[in-house]
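Chemist: Sharing a structure here in structure tokens format.
Rule-based calculations on the coordinates, nothing more; no lab input. Just so you know, these numbers come straight off a predicted model, no measurement behind them. Virtual Cβ from ideal backbone geometry, glycine too; neighbours counted across all protein chains shown.
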């Protein structure tokens, strides 16, 4: 995103609309720190500028910069998966979509949310570490397309310094691997310089309960009572 200095009147209305605090008033006009901006487009869509000085420059649509918009603006489609939003199939409706089957869990690590943002350098700290211990990263995820093809978990060098609003790393693990993998992955987050939200996707049992909650509590992990659970609509895809 960019503000045209010739148009800006320095009213400052746009400053509070930047969710990553990259807009500031300097020398009588408002400026966007384009290195910190994630190109989410909120300031533009809010239509708060009385002189229409905010715009999306052409270079924001060019790679590697373009991934900022793709991972930050929910109205932009991820080109590799043709998915919207953060580019992943909705995991909160897992009992409908069956993305993660019975006998396995989906471990979701979301970097930069809520409204903190992250450099991919921070995500890479975890993707490289999980690959070293043999945990596969889901391919059906926009993150995977940015990784080197050697299986190292490293991002392609042209992308690694880009900043995005949110990026989700998805891992598929077996029920019998839960304690081992959580024990290996969670300590990695201490070295990450952003907020990381950890989600565990499972299936309800026949009685409408989630047995994994007791497993997590036995590990000293308290499940938040306001976790999102969507029942979904339509015919379930798998049993």
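Chemist: At residue 128 and residue 48, where each label point lies 7 Å from the Cα along Cα→Cβ, what is the point-to-point distance in nanometres?
Modeler: 3.8 nm
Chemist: To check my understanding: the extent here is largest minus smallest coordinate of the Cα atoms along each principal axis. What are those three numbers for the range 45-160, in Å, largest first?
Modeler: 57, 36, 24
Chemist: Per residue of the chain, what 222 nm ellipticity follows from adding -39500 (n - 2.57) for every DSSP H run with n ≥ 4, rounded to the nearest 500?
Modeler: -4500 deg cm²/dmol
Chemist: Considering only C-alpha atoms, what is the centroid distance from the range 3-38 to the range 43-61, in Å?
Modeler: What the calculation gives is 10 Å, centre to centre.
Chemist: Additional query: Quick one: which of 34-44, 196-206, 210-220, 162-172 comes out on top by average Cβ neighbours within 10 Å, and what's the full order, highest first?
Modeler: 162-172, 34-44, 196-206, 210-220
Chemist: Further question on the same structure: Let's test the formula: R0 of 45 Å, r as the Cβ-Cβ distance of residue 180 and residue 26. What FRET efficiency results, to the nearest 0.05?
Modeler: Efficiency for this residue pair is about 0.30.
Chemist: Run the Debye formula on the Cα coordinates of the chain, all scatterers equal and no solvent, and tell me log10 I(q)/I(0) at q = 0.10, 0.14 1/Å.
Modeler: Those come out to -0.55, -0.96, one per q.
Chemist: Most mobile of 221, 135, 29 per a Gaussian network model of the chain (Cα springs, under 10 Å)?
Modeler: 221
Chemist: In percent, what relative contact order does the chain have, based on Cα pairs under 8 Å that are 6 or more apart in sequence?
Modeler: Once divided by the residue count of the chain, the mean separation gives 22 percent.
Chemist: If you don't mind, another one. To make sure I understand, if each residue's beta carbon is the centre and we count other beta carbons within 10 Å, what order do 71, 144 fall in, fewest to most?
Modeler: 144, 71
Chemist: Right, something else. Can you give the extra length, in nm with one decimal, that the chain gains between residue 9 and residue 217 once fully stretched, where that is 0.36 nm per residue apart less the Cα-Cα distance?
Modeler: 69.3 nm
Chemist: Using a Gaussian network model on the chain with a 10 Å cutoff between Cα atoms, which of 81, 108, 120 fluctuates the most?
Modeler: Greatest mean-square fluctuation among the candidates belongs to 81.
Chemist: Name the residues of the range 170-209 whose amide N is less than 15 Å from a point 7 angstrom out from the Cα of residue 144 along the C-beta direction?
Modeler: 170-173
Chemist: I want to check the label-to-label distance for residue 82 and residue 56. Put each point 7 Å from Cα in the C-beta direction and report it in nm to one decimal.
Modeler: 2.1 nm
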